[in-house]
Amino acid sequence: MTAVLTLLLRHGRALAKLMRDREGAKLAVIGVFVLLFGLVMIAEYAVFRRGLAEVLDMGAPAGALTLYILESFSILVLVIAVISFVVTGLWTFYRSSDTPFLLATPLSLTQLFWLRAAETFALTSWPFVILGIPAILALGSAYRQSAGFYGRALVILILFMALAGGTGILLTMLAGAAFRRYRARTGILLATAILVGGFAFLVGRHVIPSAGDFYLIFEPGIPNGKPASLKFIEKRFWLWPSHPLAVSLYASATESSAGSEASRAAVWLLPGAALAAAGTLGRRLFRITLPGMAEGFGFSGAPGSRAAAGVGVFPRFLSGPIGALVERDLVGLGRSPQELGRAAFIAFLLVLYTAILFVAPISELLDKPETVARLLSLDLVAVGYFLTAFGLRFVFPSVSLEGRGAWILFASPVPIFGLFLAKLFAYSAVLLVVVGPIALAGALRLISSPLLLGAFALLLALLTVTTVAACLAVGLLWPNFKETNAERLATNSGGLATIILCLGYVAVVGWLGRQSVLTFFGMEAALPYSVVLYVGGAVVLSAAIVAGATAAARRRIKRLEIV
Amino acid sequence: MPPADADPRLRLDQLSKQFGGRPAVEDLSLEVGRGEMYGLIGPNGSGKTTTVKMITGLYQPTAGRVLIDGIDLRAHPEQAKRLLGYIPDEPFIYEKMSGREFLHLAGELFGVAVPERTRRIEELLDLYTLGAIADIYVENYSRGNRQKFAILASLLHSPRLLIVDEPIVGLDPESAIKTRDLLKAFAESGGGALICTHSLSFAEQVCHRVGLLKEGRLILEGDLPTLRGLAGLPNASLEALYLRFTDRHAP
C-alpha cells in the first residue's frame, strides 16, 4: 500500500510546499477561504442551536421531536453523500485522466481501487465536517452535555462517514458494472436518475411526516418505560442504515433509553459491513469492469461503445462566430459527464432545498408577515447561493479556460467583447431556464400575491444576470490562461473575490426582498409604492454591478494578453 | 483598408516586447513577401514564440507594429486576422468535439460559408486521409492527428499569411513530407509563411530566407547562399551555419 499512500500524499505535498514557501498571496487566499467556511459553520451552529432551543421550549414532545429531526437530518446527509459519491466516483474510478498511466505501472487493480476510493472519499466527505460538526456542537450545547458526549459524537460521525463511504463505493461499482457498455455521460445520468428517484421515493415514504405522524410524535404515553413517540419514530426509521447512528447520538445527548441492543451493535456492524462489502464485492466488480472500460481511453473504444459522436456541420443551433463559440461551450458541458454531473448536483441540491419548503409543516406560519418575509428572504439568499456556486464553478473559469484554445480563438477575427456579452447572455439564459422554475415553485409555496410573485421573479432574474456578469468580469480581470483545471481556478484569489462580491450582493438583495414583503403586508394600499421602491433599489444595484462589470471587461479586453 | 498589391504578406516594424521591464524581443523588423517562406530560427528563449504571439494577437507589442498585407493588426485586428492562419506548436483542440466539428467551428470563426467550408473540409481531410477519424471526439486523437487537424484548420479559410510554430513535431515521416509539400504549394499560390522551427533540415528544405533570432534581436537574415557567404562556409548546411552564428560548436 506504500504506492497508494505515495500517490495520495502527492495531493498534500502541494499544500505543504505552499506553507513552506510562505507565498503570501496564496496563503491569504487559503486563510480567507478557511475563514469563510468557519463563518458558514458558525452560522449553521447558530441556526441548529436556535432551532433546538425552540424545540426544547415545547416541553414534553421535545425529546421525540429531537429524535425525529436527527433521524431526518441523518437520512438527508446520507442521501446527499451517497449520490455525491456515486456521481463523483463514476468519474474518478473509471475516467480519471491518469488511469491509462497508472494501468501501465506495476500498481495492481486492488491498489488502484483503494486509491480511487480514498480520492473519491476525500472529494465527497467534506460536507460531513461542514454540516456534522456544527450539528453535534449545537446538540451537545442544547442538552448541556459534557466533553464525553463530544468524544462519543465524534466517533459516531466517523462511523457515519465510513457507512456513507462504503455504501457509496458499493453503489458506484454496481452502477459502473451495470452501465459499462454505455457512454460515460449516459451511465452517470442513468445512475444519478435511479438514485435520486429511489431516494426521493423512500424519503417521501419514510421521512416526511403526515398529520397522523405528528399526532403520534406528540403522544404523551409511556408504556413499558419508553415513550410511545420514541417507539413510533424508531420503528419508522429502523430500515434506514443511518438509524442506529442517529438513535445512538440521540441517546448519548439526552441520556435516554432510546435504541436497543441490536441498534447499539449496528452502530459498529453496519459501517463495518458496508466497508467489507465495498472491499470484497466492490473490489471484485472494479477488477472486472475497469479493464474493459479503460479501452475506451484508446482510439478503438470499448467493444460495443460508441466513440463517435460529433457528425456533420457545426454549429447546429446557433449561427455566426459568437453563436458557434457559445454552442461550443454548451456542447462541451453537455458531453462531459463529470461537468454535467456537477451541474446536475448543484441543481439537485436546489430541488432538495425547494422540496423541503413544500414538506416542512409551515402552512400555519404563513399568515404572519414577518415569517413570510424571513422565509422569502432566505429563499432568495439560498437561490443566490446556488447561482454563486454554479457561477464560480462554470462561469468564472470559462474565460481562463479559453487560454487552451487561444491559438484558434484569439488568432481569429472574433470580437472578444462580443464573446463576453454572448457568454453573459447564454449563461444567464441557461441558469434562468434551470433555476427559474425551481425557485418560483418555492416562492409559490410562500406567497400568492401576483405583485409579490412578480417582484420575486424580477429579483430572481436580477440575481441571475448580475451573478453571471460578476463571475465573467472577475474571470476576465484576473485570468489564468495556463491553468486548465476549473476547480483550481475557482479556488484562486479571483474565485475568492467572486464569492465575496456575489454573496455580498445576494445578501443585499435578500434584505431588499424581505423589506418588500414587510411593506406589502404593512400598507395594504392599492398602489404599493414601497414595494416598488425596494425592488427598484435592487434594480439600480444590479444595473450598477452589471454596467461596472461590463465596462471593466471592455477596458481589460483592450490590453488582454494570453500569457 | 484594402491591402495594397505592393504590401508584403507580413511586415514587422521595430517590434518590441518587454515582460516586467525585461526585453523579450527588441526592435525586430522583417518582411515576408508574397510567395515567400521565411524561417525564424534561434535558440530556446530567443524570442521566437513571443514574436509569433505578437503577430497572432495573443500578446500586445510594447512598441512597433505588425502589418498583415498592409493592415495594422493593432488598429484593425479583425480585418488583419481574417488574412491569417496560425499553426501552434501545442495544438489544443476542444476535446469534446469531433475533428470535423472543430474544422466547422474554425470555418465559422473565420466567416467561411457552410457549403464552401463543407467542400473544403472534405478536400483537406483527404490530404492527410483523416476521414475515418473525423467524427470521433478529439480526446481520442494522438498528438500527431491533433497537429494535422490544427494545420487543416489554419488553411480552411484560404489565408494569405501562415504563422507556423514547429510544424512537424509529432508528425510521422509521411505526414511531415505532406506538410512540407502543403506549405510549398501554399507559397507557390502567393501566400506568405513565417515558420519558427528547431528542425533546421526542414527549414533548409522549405524556406526561401532564414532569420536568426538571438536574445530577442534579429542578428542576421538572408537566403542560404548569403548566409554561407557571411560565414565563409560555401557548402555548409543550415545546421552548421546555425552553430557558427550562435557560437555553439562552430565547425
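The values are calculated or read from the model by the stated rules, or taken from the named source; none is laboratory data. If you're wondering where the values come from, they're calculated on a predicted model, not measured in any experiment. Counting neighbours? That spans all protein chains shown, and the Cβs are built from the backbone with ideal geometry, glycine included.
Structure summary
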quantity: Test: A:PHE218 is among the aromatic types (Phe, Trp, Tyr) and surrounded by fewer than 19 Cβ atoms within 10 Å (Cβ to Cβ); calculated: yes
quantity: Candidate set from the range B:88-98 (those that are crowded, with 19+ Cβ neighbours inside 10 Å and facing another protein chain (nearest Cβ under 8 Å)); member that is nearest to B:LEU125 (Cα to Cα); calculated: B:SER98
quantity: All positions within the range B:121-149 that are within 21 Å of the chain's Cα centre (by Cα), farther than 22 Å from A:SER336 by Cα and of a type outside the set (Phe, Trp, Tyr); calculated: B:ILE121, B:LEU124, B:LEU125, B:LEU127, B:GLY144, B:GLN147, B:LYS148
quantity: Residue in the range B:198-207 that is modelled with pLDDT of 95 or more, within 14 Å of the chain's Cα centre (by Cα) and among the aliphatic types (A, V, I, L, M) present; calculated: no
quantity: From B:GLU188, B:GLU122, residue being modelled with pLDDT of 90 or more and within 14 Å of another protein chain (Cβ to nearest Cβ); calculated: B:GLU122
quantity: Any hit, the range A:291-302, residues being closer than 25 Å to B:VAL112 by Cα, within 13 Å of another protein chain (Cβ to nearest Cβ), out of contact with any Phe, Trp or Tyr (no Cβ under 9 Å at 6 or more places or on another chain) and at pLDDT below 90; calculated: no
quantity: Tally, over the range A:356-379, of residues that are of a type outside the set (Phe, Trp, Tyr) and touching a residue at least 12 places away in the same chain (Cβ under 8 Å); calculated: 15
quantity: Residue check for B:LEU12: within 14 Å of another protein chain (Cβ to nearest Cβ) and not charged (D, E, K, R); calculated: no
quantity: Among the residues listed as A:THR484, A:THR550, the single one being more than 14 Å from A:LEU463 (Cα to Cα), away from chain B (no Cβ under 14 Å) and polar (S, T, N, Q); calculated: A:THR550
quantity: Helices (runs of 4 or more DSSP H) enclosed by the range A:50-161 - at least 3 residues per element that are under 28 Å from A:GLY38 (Cα atoms) and touching a helix residue (DSSP H, G or I) at 6+ places or on another chain (Cβ under 6 Å); calculated: A:62-92, A:109-124, A:133-142
quantity: Unmet requirement for A:SER516, which otherwise passes all of (1) more than 30 Å from A:ALA422 (Cα to Cα); (2) modelled with pLDDT of 85 or more; (3) surrounded by fewer than 22 Cβ atoms within 10 Å (Cβ to Cβ); calculated: (3)
quantity: Residue in the range B:137-145 that is under 18 Å from A:PRO315 (Cβ atoms) and either more than 12 Å from every other protein chain (Cβ to nearest Cβ) or buried (at least 24 other Cβ atoms within 10 Å of the Cβ) (or both) present; calculated: no
quantity: Test result for A:LEU350, among the hydrophobic types (A, V, I, L, M, F, W, C), buried (at least 19 other Cβ atoms within 10 Å of the Cβ), more than 14 Å from chain B (Cβ to nearest Cβ) and under 20 Å from the mean Cα position of the chain (by Cα); calculated: yes
quantity: Count of the range B:1-23 residues which are at pLDDT below 90 and either at positive phi or surrounded by fewer than 16 Cβ atoms within 10 Å (Cβ to Cβ) (or both); calculated: 7
quantity: Qualifying residue in the range A:398-410 (condition: surrounded by fewer than 19 Cβ atoms within 10 Å (Cβ to Cβ), away from chain B (no Cβ under 14 Å) and within 30 Å of A:ARG559 (Cβ to Cβ)); calculated: no
quantity: First in the range B:50-62 and facing chain A (nearest Cβ under 7 Å) and hydroxyl-bearing (Ser, Thr, Tyr), second anywhere and in a loop (DSSP other than H, G, I, E, B) and crowded, with 24+ Cβ neighbours inside 10 Å, Cβ under 6 Å, 6 or more apart; calculated: B:THR56/A:ALA411
quantity: Long-range neighbours under 9 Å by Cβ, at least six apart or interchain, first residue facing chain B (nearest Cβ under 7 Å) and farther than 16 Å from B:GLU78 by Cβ within the range A:319-335, second among the aliphatic types (A, V, I, L, M) and outside any helix (DSSP H, G or I); calculated: A:ARG328/B:MET97; A:VAL331/B:MET97; A:GLY332/B:MET97; A:ARG335/A:ALA309; A:ARG335/B:MET97
quantity: Residues that are more than 9 Å from every other protein chain (Cβ to nearest Cβ) and surrounded by 17 or more Cβ atoms within 10 Å (Cβ to Cβ), drawn from the range B:63-82; calculated: B:GLY64, B:VAL66, B:LEU67, B:ILE68, B:ASP69, B:GLY70, B:ILE71, B:LEU73
quantity: Of all residues making up the range B:97-137, the number that are touching a Gly at 6+ places or on another chain (Cβ under 6 Å) and closer than 24 Å to A:LEU419 by Cβ; calculated: 4
quantity: Matching residues, the range B:72-99, being hydrophobic (A, V, I, L, M, F, W, C) and assigned to a loop (DSSP other than H, G, I, E, B); calculated: B:LEU73, B:ALA75, B:LEU83, B:PHE92, B:ILE93, B:MET97
quantity: Which numbered condition B:GLU101 misses (of (1) more than 7 Å from every other protein chain (Cβ to nearest Cβ); (2) buried (at least 19 other Cβ atoms within 10 Å of the Cβ)); calculated: (1)
quantity: Residues (in contact (Cβ under 8 Å) with a residue 24 or more places away in the chain, assigned to a loop (DSSP other than H, G, I, E, B) and closer than 21 Å to A:GLU561 by Cα) located in the range A:465-505; calculated: A:PRO479, A:ASN480, A:PHE481, A:LYS482, A:GLU483, A:THR484, A:ASN492
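This table checks each residue for (1) outside the structural domain of B:LEU30 (by TED's automatic domain parsing); (2) free of Cβ contacts under 8 Å to residues at least 40 places away in the same chain; (3) under 22 Å from A:ARG559 (Cα atoms); (4) in contact with a Leu (Cβ under 7 Å, 6 or more places away or on another chain).
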| position | (1), (2), (3), (4) |
| --- | --- |
| B:VAL66 | no, no, yes, yes |
| B:LYS96 | yes, no, no, no |
| B:GLU101 | yes, yes, no, no |
| B:ARG119 | yes, yes, no, no |
